[in-house]
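Worksheet: the structure to be examined is printed underneath.
The values are calculated or read from the model by the stated rules, or taken from the named source; none is laboratory data. Quick caveat, the model's predicted, so the values are computed rather than measured. Glycine gets a Cβ as well: all are built from the backbone with ideal geometry, and neighbour counts include every protein chain shown. When the accessible area is computed, the model is the full protein with side chains, heavy atoms only, and any ligands, DNA or RNA have been set aside. Shrake-Rupley method; radii C 1.70, N 1.55, O 1.52, S 1.80 Å.
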Amino acid sequence: MKVIVQKFGGTSLSTGPQRERAIDWVEKAQEDGYRPVVVVSAMGRHGDAYATDTLLSLVGDSAPSPEDRDLLMSCGEIVSAVVLAARIRSRGHPARALSGGDAGIMTDACFGGARIQSIDPEPLERLLANGIIPVVAGFQGMTEGRQVTTLGRGGSDTTAVALGAALHADVVDIFTDVDGVKTADPAVVPDARTLATLDYDEVFQMANSGARVIHPRAVEIARHFALPLRIRSAAAATEGTLVAMGAVGLDHWAHRDPERALTGITSLARLVQFRLRPLEGAGTDWMYRVFQDLGAAGVSVDLINIFPDLAYFCVLPDQETAVRRVLDALALEYECSDDRAKVSCVGTAIHGLPGVMGRFMQALSDAQVNVLQTADSLSTISFLVRRADVERAVKALHRQFHLAGESESGDAQT
Ligand code: ASP
Ligand code: MG
(Lines give C-alpha, C1' and ligand atoms only; values in the text may rest on other atoms or scores of the structure.)
(Ligands and ions follow the chains in the order given, each with its own letter.)
Protein backbone atom coordinates (compact mmCIF):
# COMPACT_ATOMS: atom_id res chain seq x y z
CA MET A 1 0.00 0.00 0.00
CA LYS A 2 1.52 3.32 -1.09
CA VAL A 3 0.74 5.96 1.53
CA ILE A 4 1.12 9.72 1.18
CA VAL A 5 0.59 12.32 3.91
CA GLN A 6 -0.76 15.63 2.59
CA LYS A 7 -0.62 18.53 5.02
CA PHE A 8 -2.46 21.76 4.27
CA GLY A 9 -1.52 24.97 6.06
CA GLY A 10 -4.10 27.41 7.38
CA THR A 11 -3.62 29.95 4.60
CA SER A 12 -4.33 27.19 2.05
CA LEU A 13 -7.70 26.39 3.65
CA SER A 14 -9.16 29.85 4.33
CA THR A 15 -11.81 29.95 1.63
CA GLY A 16 -14.21 27.48 0.02
CA PRO A 17 -12.35 27.51 -3.32
CA GLN A 18 -9.04 26.92 -1.52
CA ARG A 19 -10.52 23.91 0.25
CA GLU A 20 -11.77 22.51 -3.07
CA ARG A 21 -8.27 23.03 -4.48
CA ALA A 22 -6.84 21.05 -1.55
CA ILE A 23 -9.25 18.22 -2.34
CA ASP A 24 -8.07 18.29 -5.97
CA TRP A 25 -4.63 17.39 -4.59
CA VAL A 26 -6.14 14.54 -2.57
CA GLU A 27 -7.87 13.18 -5.68
CA LYS A 28 -4.65 13.57 -7.67
CA ALA A 29 -2.80 11.47 -5.08
CA GLN A 30 -5.45 8.76 -5.38
CA GLU A 31 -5.15 8.81 -9.18
CA ASP A 32 -1.40 8.36 -8.73
CA GLY A 33 -2.04 5.18 -6.73
CA TYR A 34 -1.58 6.55 -3.19
CA ARG A 35 -3.78 6.19 -0.14
CA PRO A 36 -3.83 9.75 1.19
CA VAL A 37 -3.77 10.75 4.85
CA VAL A 38 -4.73 14.42 5.15
CA VAL A 39 -3.44 16.65 7.98
CA VAL A 40 -4.87 20.13 8.43
CA SER A 41 -4.01 23.36 10.24
CA ALA A 42 -6.63 25.74 11.59
CA MET A 43 -8.28 27.70 8.76
CA GLY A 44 -6.92 31.15 7.96
CA ARG A 45 -4.89 33.50 10.10
CA HIS A 46 -5.57 36.00 12.88
CA GLY A 47 -9.01 37.53 12.45
CA ASP A 48 -10.45 34.49 10.67
CA ALA A 49 -13.04 32.89 12.92
CA TYR A 50 -11.28 29.64 13.81
CA ALA A 51 -7.62 30.55 13.38
CA THR A 52 -5.40 29.73 16.36
CA ASP A 53 -4.70 33.38 17.24
CA THR A 54 -8.40 34.23 17.05
CA LEU A 55 -9.22 31.41 19.46
CA LEU A 56 -6.49 32.60 21.81
CA SER A 57 -7.87 36.14 21.71
CA LEU A 58 -11.16 34.82 23.13
CA VAL A 59 -9.45 34.37 26.49
CA GLY A 60 -7.27 37.43 25.94
CA ASP A 61 -6.75 39.01 29.35
CA SER A 62 -7.91 36.15 31.50
CA ALA A 63 -5.43 33.46 32.41
CA PRO A 64 -6.60 30.02 31.37
CA SER A 65 -4.68 27.05 32.78
CA PRO A 66 -2.14 25.61 30.33
CA GLU A 67 -4.42 22.58 29.94
CA ASP A 68 -7.44 24.75 29.07
CA ARG A 69 -5.38 26.86 26.70
CA ASP A 70 -4.36 23.75 24.76
CA LEU A 71 -7.92 22.48 24.71
CA LEU A 72 -9.03 25.81 23.22
CA MET A 73 -6.22 25.97 20.65
CA SER A 74 -6.86 22.40 19.52
CA CYS A 75 -10.38 23.35 18.37
CA GLY A 76 -9.16 25.27 15.31
CA GLU A 77 -7.66 22.19 13.72
CA ILE A 78 -10.66 20.06 14.70
CA VAL A 79 -13.06 22.47 12.97
CA SER A 80 -10.80 22.43 9.93
CA ALA A 81 -10.69 18.59 9.83
CA VAL A 82 -14.47 18.27 10.10
CA VAL A 83 -15.09 20.88 7.37
CA LEU A 84 -12.60 19.32 4.96
CA ALA A 85 -13.77 15.74 5.61
CA ALA A 86 -17.36 16.83 4.92
CA ARG A 87 -16.33 18.39 1.60
CA ILE A 88 -14.32 15.30 0.65
CA ARG A 89 -17.43 13.17 1.32
CA SER A 90 -19.57 15.49 -0.80
CA ARG A 91 -17.18 14.86 -3.65
CA GLY A 92 -17.89 11.15 -3.41
CA HIS A 93 -15.00 9.82 -1.30
CA PRO A 94 -15.46 8.22 2.12
CA ALA A 95 -13.59 10.35 4.68
CA ARG A 96 -13.41 10.72 8.45
CA ALA A 97 -12.22 13.61 10.63
CA LEU A 98 -10.03 12.70 13.60
CA SER A 99 -8.51 14.65 16.49
CA GLY A 100 -4.81 14.04 17.19
CA GLY A 101 -5.74 11.69 20.03
CA ASP A 102 -8.19 9.79 17.79
CA ALA A 103 -5.32 9.32 15.33
CA GLY A 104 -3.23 7.61 18.05
CA ILE A 105 -0.82 10.50 18.73
CA MET A 106 0.39 10.29 22.35
CA THR A 107 2.48 13.11 23.85
CA ASP A 108 4.12 14.15 27.09
CA ALA A 109 2.28 16.63 29.32
CA CYS A 110 4.24 19.80 28.38
CA PHE A 111 1.16 21.82 27.49
CA GLY A 112 1.78 24.38 24.76
CA GLY A 113 4.87 22.57 23.47
CA ALA A 114 4.25 18.86 23.91
CA ARG A 115 6.51 16.27 22.31
CA ILE A 116 5.10 13.23 20.56
CA GLN A 117 6.09 10.11 22.46
CA SER A 118 4.40 7.41 20.43
CA ILE A 119 1.88 6.89 17.68
CA ASP A 120 -0.45 3.92 17.48
CA PRO A 121 -0.84 3.49 13.71
CA GLU A 122 -3.82 1.16 14.07
CA PRO A 123 -6.71 3.68 13.83
CA LEU A 124 -5.38 5.21 10.61
CA GLU A 125 -4.30 1.88 9.13
CA ARG A 126 -7.81 0.54 9.66
CA LEU A 127 -9.39 3.52 7.88
CA LEU A 128 -6.91 3.26 5.00
CA ALA A 129 -7.53 -0.49 4.65
CA ASN A 130 -11.25 0.28 4.35
CA GLY A 131 -10.72 2.92 1.69
CA ILE A 132 -11.62 5.80 4.02
CA ILE A 133 -9.57 9.01 3.83
CA PRO A 134 -8.48 10.11 7.32
CA VAL A 135 -8.48 13.87 7.84
CA VAL A 136 -6.40 14.48 10.96
CA ALA A 137 -6.38 17.66 13.04
CA GLY A 138 -2.74 18.79 13.14
CA PHE A 139 -0.81 20.40 16.01
CA GLN A 140 -2.22 18.21 18.80
CA GLY A 141 -2.03 14.96 20.67
CA MET A 142 -3.13 13.41 23.91
CA THR A 143 -1.39 12.55 27.17
CA GLU A 144 -1.57 9.14 28.79
CA GLY A 145 -4.16 10.66 31.12
CA ARG A 146 -6.24 11.55 27.99
CA GLN A 147 -5.72 15.30 28.21
CA VAL A 148 -5.44 17.23 24.95
CA THR A 149 -2.03 18.84 24.26
CA THR A 150 -0.66 21.06 21.49
CA LEU A 151 2.75 20.67 19.88
CA GLY A 152 3.95 24.29 19.78
CA ARG A 153 3.06 26.96 17.21
CA GLY A 154 3.45 25.69 13.67
CA GLY A 155 3.16 22.13 14.96
CA SER A 156 0.87 20.74 12.25
CA ASP A 157 3.97 20.05 10.13
CA THR A 158 5.22 17.88 12.97
CA THR A 159 1.93 15.96 13.04
CA ALA A 160 2.21 15.29 9.30
CA VAL A 161 5.79 14.06 9.43
CA ALA A 162 5.30 11.96 12.57
CA LEU A 163 2.26 10.27 11.01
CA GLY A 164 4.27 9.73 7.83
CA ALA A 165 6.93 7.94 9.86
CA ALA A 166 4.42 5.84 11.81
CA LEU A 167 2.59 4.78 8.64
CA HIS A 168 5.76 4.23 6.59
CA ALA A 169 4.51 6.76 4.06
CA ASP A 170 6.34 7.13 0.76
CA VAL A 171 6.33 10.92 0.99
CA VAL A 172 4.95 13.80 3.03
CA ASP A 173 3.70 16.83 1.10
CA ILE A 174 3.60 20.12 3.01
CA PHE A 175 1.22 22.35 1.03
CA THR A 176 1.65 26.04 1.76
CA ASP A 177 1.23 29.50 0.26
CA VAL A 178 4.69 29.72 -1.32
CA ASP A 179 6.02 27.37 -3.96
CA GLY A 180 8.85 25.91 -1.90
CA VAL A 181 11.90 26.86 0.11
CA LYS A 182 13.51 29.97 -1.32
CA THR A 183 17.05 31.32 -1.36
CA ALA A 184 15.76 34.23 0.77
CA ASP A 185 12.48 35.72 1.94
CA PRO A 186 10.85 36.96 -1.30
CA ALA A 187 9.35 39.89 0.61
CA VAL A 188 12.93 41.14 1.05
CA VAL A 189 14.52 39.79 -2.13
CA PRO A 190 11.91 39.73 -4.92
CA ASP A 191 14.11 37.63 -7.24
CA ALA A 192 14.76 34.92 -4.63
CA ARG A 193 14.78 31.52 -6.31
CA THR A 194 12.87 28.39 -5.31
CA LEU A 195 15.26 25.57 -4.47
CA ALA A 196 14.35 22.31 -6.24
CA THR A 197 16.23 20.12 -3.77
CA LEU A 198 17.76 20.56 -0.33
CA ASP A 199 19.37 18.26 2.16
CA TYR A 200 17.84 17.79 5.61
CA ASP A 201 20.60 19.74 7.32
CA GLU A 202 20.12 22.79 5.17
CA VAL A 203 16.37 22.93 5.53
CA PHE A 204 16.69 22.35 9.28
CA GLN A 205 19.14 25.22 9.62
CA MET A 206 16.95 27.48 7.51
CA ALA A 207 13.80 26.59 9.45
CA ASN A 208 15.61 27.10 12.73
CA SER A 209 16.98 30.47 11.77
CA GLY A 210 13.90 32.19 10.49
CA ALA A 211 12.54 30.57 7.30
CA ARG A 212 8.89 30.03 8.09
CA VAL A 213 8.10 27.39 5.46
CA ILE A 214 8.36 24.39 7.78
CA HIS A 215 8.65 23.71 11.49
CA PRO A 216 12.19 22.68 12.49
CA ARG A 217 10.93 19.80 14.64
CA ALA A 218 9.19 18.31 11.60
CA VAL A 219 12.49 18.36 9.72
CA GLU A 220 14.25 16.63 12.61
CA ILE A 221 11.75 13.79 12.58
CA ALA A 222 11.86 13.47 8.79
CA ARG A 223 15.65 13.33 8.88
CA HIS A 224 15.62 10.70 11.61
CA PHE A 225 13.35 8.43 9.56
CA ALA A 226 14.82 9.42 6.17
CA LEU A 227 11.30 10.35 5.14
CA PRO A 228 11.04 12.32 1.88
CA LEU A 229 9.39 15.74 2.23
CA ARG A 230 8.06 18.04 -0.42
CA ILE A 231 7.34 21.66 0.44
CA ARG A 232 5.06 23.01 -2.25
CA SER A 233 2.33 25.42 -3.24
CA ALA A 234 -1.29 24.42 -2.70
CA ALA A 235 -2.35 26.90 -5.36
CA ALA A 236 0.15 26.34 -8.18
CA ALA A 237 1.02 23.21 -10.11
CA THR A 238 4.74 23.24 -9.35
CA GLU A 239 6.96 20.56 -7.85
CA GLY A 240 8.18 22.65 -4.93
CA THR A 241 11.26 21.72 -2.92
CA LEU A 242 12.18 18.07 -2.37
CA VAL A 243 14.05 17.18 0.81
CA ALA A 244 15.16 13.56 0.77
CA MET A 245 18.19 11.32 1.17
CA GLY A 246 20.19 11.60 -2.03
CA ALA A 247 17.93 14.32 -3.48
CA VAL A 248 20.87 16.68 -3.61
CA GLY A 249 23.45 15.52 -6.16
CA LEU A 250 27.12 15.07 -5.30
CA ASP A 251 27.83 18.19 -7.33
CA HIS A 252 26.14 20.16 -4.56
CA TRP A 253 29.28 19.81 -2.43
CA ALA A 254 31.61 19.90 -5.40
CA HIS A 255 31.20 23.66 -5.75
CA ARG A 256 34.66 24.76 -4.84
CA ASP A 257 33.84 28.26 -5.92
CA PRO A 258 33.38 30.38 -2.79
CA GLU A 259 31.06 32.69 -4.75
CA ARG A 260 28.56 29.94 -5.46
CA ALA A 261 28.74 27.78 -2.39
CA LEU A 262 25.80 29.26 -0.56
CA THR A 263 22.32 27.70 -0.60
CA GLY A 264 20.13 30.25 1.16
CA ILE A 265 19.87 33.18 3.55
CA THR A 266 17.41 33.53 6.40
CA SER A 267 16.87 36.08 9.13
CA LEU A 268 15.37 36.39 12.57
CA ALA A 269 14.28 39.96 12.95
CA ARG A 270 14.04 40.26 16.72
CA LEU A 271 16.76 39.29 19.15
CA VAL A 272 17.97 40.82 22.40
CA GLN A 273 21.73 40.90 22.93
CA PHE A 274 23.36 40.85 26.38
CA ARG A 275 26.99 41.80 27.05
CA LEU A 276 28.39 40.95 30.48
CA ARG A 277 31.54 41.54 32.54
CA PRO A 278 32.36 40.26 36.02
CA LEU A 279 32.84 42.75 38.88
CA GLU A 280 36.39 43.15 40.26
CA GLY A 281 37.30 40.13 42.37
CA ALA A 282 34.33 38.08 41.19
CA GLY A 283 36.42 34.92 41.01
CA THR A 284 36.61 32.46 38.17
CA ASP A 285 33.24 30.81 38.40
CA TRP A 286 31.14 33.81 37.39
CA MET A 287 30.48 32.50 33.89
CA TYR A 288 29.47 29.13 35.17
CA ARG A 289 26.95 30.76 37.54
CA VAL A 290 25.48 32.85 34.71
CA PHE A 291 24.73 29.94 32.44
CA GLN A 292 23.66 27.62 35.20
CA ASP A 293 21.16 30.17 36.56
CA LEU A 294 19.87 30.99 33.07
CA GLY A 295 19.33 27.28 32.50
CA ALA A 296 17.48 26.92 35.79
CA ALA A 297 15.24 29.85 34.74
CA GLY A 298 14.37 28.00 31.53
CA VAL A 299 16.14 30.50 29.26
CA SER A 300 17.48 29.28 25.94
CA VAL A 301 20.51 31.27 24.73
CA ASP A 302 21.84 31.71 21.22
CA LEU A 303 24.94 33.27 19.63
CA ILE A 304 27.13 32.70 22.66
CA ASN A 305 30.66 34.17 22.59
CA ILE A 306 32.85 33.86 25.68
CA PHE A 307 36.15 35.58 26.43
CA PRO A 308 38.07 35.61 29.75
CA ASP A 309 36.40 38.78 31.10
CA LEU A 310 33.51 39.20 28.73
CA ALA A 311 30.56 37.22 27.48
CA TYR A 312 27.90 37.84 24.86
CA PHE A 313 24.71 36.02 24.14
CA CYS A 314 21.27 36.62 22.65
CA VAL A 315 17.74 35.59 23.56
CA LEU A 316 14.30 35.95 22.03
CA PRO A 317 12.48 39.11 23.23
CA ASP A 318 10.01 37.20 25.42
CA GLN A 319 12.93 36.00 27.56
CA GLU A 320 14.50 39.40 28.23
CA THR A 321 12.81 39.87 31.60
CA ALA A 322 13.81 36.42 32.82
CA VAL A 323 17.43 37.08 31.84
CA ARG A 324 17.50 40.45 33.60
CA ARG A 325 16.13 38.84 36.74
CA VAL A 326 18.95 36.27 36.72
CA LEU A 327 21.71 38.78 35.94
CA ASP A 328 20.53 41.33 38.53
CA ALA A 329 21.15 38.73 41.22
CA LEU A 330 24.79 38.11 40.20
CA ALA A 331 28.05 39.99 40.73
CA LEU A 332 28.43 41.42 37.27
CA GLU A 333 27.75 44.38 35.02
CA TYR A 334 25.71 44.04 31.90
CA GLU A 335 24.32 45.91 28.95
CA CYS A 336 21.38 44.91 26.85
CA SER A 337 20.27 45.91 23.33
CA ASP A 338 16.89 44.93 22.02
CA ASP A 339 17.32 46.14 18.45
CA ARG A 340 19.28 43.16 17.17
CA ALA A 341 18.60 40.70 14.38
CA LYS A 342 20.35 37.61 13.08
CA VAL A 343 21.14 36.90 9.46
CA SER A 344 22.09 33.28 8.74
CA CYS A 345 23.84 32.01 5.64
CA VAL A 346 23.23 28.32 5.04
CA GLY A 347 24.98 25.90 2.70
CA THR A 348 26.56 22.52 3.31
CA ALA A 349 29.13 23.39 0.63
CA ILE A 350 30.64 26.27 2.64
CA HIS A 351 32.28 23.89 5.10
CA GLY A 352 36.06 23.92 4.80
CA LEU A 353 36.04 26.21 1.80
CA PRO A 354 38.61 29.01 1.97
CA GLY A 355 37.40 32.41 0.80
CA VAL A 356 33.77 32.19 1.88
CA MET A 357 34.19 34.38 4.96
CA GLY A 358 36.00 36.98 2.88
CA ARG A 359 32.99 37.10 0.53
CA PHE A 360 30.58 37.56 3.42
CA MET A 361 32.58 40.39 4.87
CA GLN A 362 32.98 42.06 1.49
CA ALA A 363 29.22 42.00 0.89
CA LEU A 364 28.45 43.30 4.38
CA SER A 365 31.04 46.02 4.37
CA ASP A 366 30.01 47.23 0.88
CA ALA A 367 26.46 47.45 2.24
CA GLN A 368 27.78 49.30 5.32
CA VAL A 369 26.44 46.72 7.72
CA ASN A 370 28.28 46.39 11.02
CA VAL A 371 28.71 42.84 12.24
CA LEU A 372 28.19 42.78 16.01
CA GLN A 373 28.70 39.08 16.65
CA THR A 374 29.03 35.86 14.66
CA ALA A 375 28.43 32.17 15.17
CA ASP A 376 29.19 29.30 12.86
CA SER A 377 28.51 25.61 12.50
CA LEU A 378 29.38 23.15 9.74
CA SER A 379 26.77 24.45 7.34
CA THR A 380 25.83 27.88 8.69
CA ILE A 381 27.40 31.22 9.49
CA SER A 382 25.23 33.69 11.38
CA PHE A 383 25.78 37.41 11.76
CA LEU A 384 24.22 39.54 14.44
CA VAL A 385 23.38 42.97 13.08
CA ARG A 386 21.21 45.95 13.97
CA ARG A 387 17.60 45.35 13.06
CA ALA A 388 17.64 48.38 10.78
CA ASP A 389 20.39 46.69 8.72
CA VAL A 390 18.79 43.27 8.16
CA GLU A 391 17.21 43.85 4.78
CA ARG A 392 20.34 45.52 3.41
CA ALA A 393 22.45 42.63 4.68
CA VAL A 394 20.23 39.93 3.18
CA LYS A 395 20.04 41.70 -0.20
CA ALA A 396 23.81 42.23 -0.33
CA LEU A 397 24.61 38.62 0.56
CA HIS A 398 22.05 37.28 -1.91
CA ARG A 399 23.66 39.33 -4.65
CA GLN A 400 27.21 38.48 -3.63
CA PHE A 401 26.56 34.74 -3.88
CA HIS A 402 24.55 34.95 -7.13
CA LEU A 403 21.52 33.32 -5.58
CA ALA A 404 18.92 35.04 -7.75
CA GLY A 405 17.64 33.60 -10.97
CA GLU A 406 14.91 31.70 -12.65
CA SER A 407 13.14 29.20 -10.42
CA GLU A 408 14.74 25.73 -10.59
CA SER A 409 11.41 24.24 -9.61
CA GLY A 410 10.25 21.45 -11.91
CA ASP A 411 7.61 21.39 -14.60
CA ALA A 412 3.94 21.87 -14.04
CA GLN A 413 2.49 18.80 -12.45
CA THR A 414 -1.26 18.80 -12.90
N1 ASP B 1 -2.58 26.37 13.95
C2 ASP B 1 -1.34 26.21 14.66
C3 ASP B 1 -0.57 27.51 14.68
O4 ASP B 1 -1.06 28.51 14.19
C5 ASP B 1 -0.51 25.08 14.13
C6 ASP B 1 -0.08 25.18 12.68
O7 ASP B 1 -0.61 26.00 11.93
O8 ASP B 1 0.79 24.43 12.27
O9 ASP B 1 0.48 27.58 15.21
MG1 MG C 1 3.00 26.37 9.42
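Listed values, structure above:
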| quantity | calculated |
| --- | --- |
| At 0.692 mPa s and 37 °C, Stokes diffusion of segment 87-138 via Kirkwood alpha-carbon radius, µm² per second | 272 µm²/s |
| Most positive-pole-ward Cα, 221, 58, 385, against dipole of the chain from beta carbon charges | 58 |
| CD proxy at 222 nm, helix term only [per DSSP H run n ≥ 4: -39500 (n - 2.57); per residue of the chain; nearest 500] | -9500 deg cm²/dmol |
| Mean-position separation - Cα centroids, segment 331-385 and segment 251-330, in angstrom | 13 Å |
| Most mobile of 137, 169, 237 in a GNM of the chain (Cα contacts under 10 Å) | 237 |
| Fully extended contour minus Cα-Cα distance, from residue 292 to residue 270, at 0.36 nm per residue | 5.5 nm |
| The chain: angle of helix 356-366 to the longest principal axis, Cα-based, in degrees nearest 10 | 80 degrees |
| Positive-end residue of 319, 231, 397, charge dipole of the chain with Cβ unit charges | 231 |
| Cα-based convex hull, segment 59-198, per residue volume (Å³, whole number) | 153 Å³ |
| Most mobile of 250, 262, 163 in a GNM of the chain (Cα contacts under 10 Å) | 250 |
| List 215, 351, ordered by accessible area with a 1.4 Å probe, largest first | 351, 215 |
| Within segment 82-177: Cβ-based charge dipole about Cα centre, in debye rounded to nearest 20 (Lys, Arg +1; Asp, Glu -1) | 380 debye |
| Unit charges on C-beta of K, R, D, E only; dipole of the chain, Debye | 500 debye |
| Where 293, 318, 48 fall by accessible area, highest first, once all protein chains stay in place (1.4 Å) | 318, 48, 293 |
| Choice from 251, 120, 108 with maximal GNM fluctuation in the chain (Cα, 10 Å cutoff) | 251 |
| Reciprocal of mean inverse Cα separation for segment 117-199 (Kirkwood radius, Å) | 15.4 Å |
| Ratio Rg/Rh [Cα only; Rh per Kirkwood] for segment 261-378 | 1.02 |
| Inverse mean reciprocal Cα-Cα distance (Kirkwood Rh) of the chain, Å | 22.9 Å |
| Under-5 Å amide H pairs with residue 373, H placed in peptide plane, nonlocal only | 384 |
| Accessible surface of segment 25-66 [probe 1.4 Å, protein heavy atoms]: carbon and sulfur percent | 48 percent |
| Residue-span extension gain [residue 362 to residue 46] - 0.36 nm each, minus C-alpha spacing | 109.7 nm |
| Lys pairs under 26 Å by Cα in the chain, provided they are eight or more residues apart or on distinct chains | 7 |
